[in-house]
Ligand SMILES: [Zn+2]
Ligand SMILES: [Zn+2]
């Protein structure tokens, strides 16, 4: 039996003249189709991830493709047993991904972006002498899984990347830089930023980790662990060629991809904790949070 629901992941950098009006139409369309998820609309484009019954997501794709401005939009589709989001949220934002560069140094990816590599080419490029593979996501995402030998910046927000790059990568401007992220949208700007900073050879994984994992040739090869996703699944399998686990339980140190939030609500930080350790000692990230929880 095929799964009755689909989860869509998509984006497109394209000018949107009236983002509020565009967002209102998205809201109405998704409500009509019973879709849940998160959609960001900006003057520079649209970024969304939605779940719904497969007939409904098919209709959504058709409706989007009926707009010729969306001709280049790629939909990544995952089957699912049910909704992956609790509700629908459509928001207008100044940027699709928040890099918060000053106006004069902001990146328009339709104008400046790294060369796109298909999965097989990205895999080959990673093996080349001197290649520097840069994870374009936050630390809590790369902690669950990342490419073998990738540099995973210790950042909590995408907007921290410019500073992190200036501090940590300035010596590497001559090296080939390969960037990747979940679905490709962050790399559109990140790779453009690297070029603007004077990096000579910048490429990006077209379609991101999600596409890399679906590629029948590379089968996610050399991606270690799972790909963090922003829905109820939290992590998805990428690698069916040479899979491994990189995350470990914070208590016992055994491999564990069970990603939970510290139960002390003011903390709420993400931790890897296996179910037997949680049963034994509760779901706290530290002794301090454990004591606060116990004293509640
Ligand atoms: Zn454990
Ligand atoms: Zn905590």
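Every number here is computed from the coordinates shown, using simple stated rules; none is lab data. Just so it is clear, the model here is predicted, and its values are computed rather than measured. No Cβ is skipped: glycine too gets one built from the backbone with ideal geometry, and neighbour counts run over all protein chains shown.
With a ≥ b ≥ c taken as the square roots of the eigenvalues of the C-alpha gyration tensor of segment 78-201, please select rounded if a/c is under 1.5 and otherwise prolate if a/b is larger than b/c or oblate if it is not? It is oblate, given that a/c is not under 1.5 and a/b is not larger than b/c.
Rounded to the nearest 5, the antiparallel percentage of DSSP beta bridges internal to the chain is 65%. For the chain, the normalised intensity computed at q = 0.07, 0.08, 0.13 Å⁻¹ comes to -0.29, -0.38, -1.01 (log10 of I(q)/I(0), Debye sum over alpha carbons, equal scatterers, no solvent). Using a Förster distance of 35 Å, how high is the FRET efficiency between residue 172 and residue 55, based on the Cβ-Cβ distance and rounded to 0.05? Once the sixth-power term is evaluated, E becomes 0.15. Extents of segment 248-292, largest first, come to 27, 17, 13 Å (Cα atoms, principal axes, whole angstrom). The peptide list 61-73, 202-214, 271-283, put in order of mean Cβ contacts within 10 Å with the highest first, becomes 202-214, 271-283, 61-73. The calculated P(r) of segment 5-92, using every Cα pair and 10 Å bins from 0, goes 19, 57, 23, 1 in percent. Put simply, the C-alpha atoms of segment 154-296 give a gyration tensor, and the ellipsoid matching it has half-axes of 34, 21, 12 Å, longest first.
What separates the Cα centres of segment 1-57 and segment 160-230 is a distance of 25 Å. Using the rule -39500 (n - 2.57) for each DSSP H run of four or more residues, divided by the residues of the chain, the 222 nm mean residue ellipticity is -7500 deg cm²/dmol. Remark: the Cα gyration tensor places segment 44-92 in the oblate category, a/c being 1.5 or greater and a/b not exceeding b/c.
Packing, as the average of other Cβ atoms within 10 Å across residues, places the peptides 285-296, 13-24 in the order 13-24, 285-296, highest first. Ordering 221-231, 182-192, 120-130 by mean Cβ neighbour count within 10 Å, with the highest value first, yields 182-192, 221-231, 120-130.
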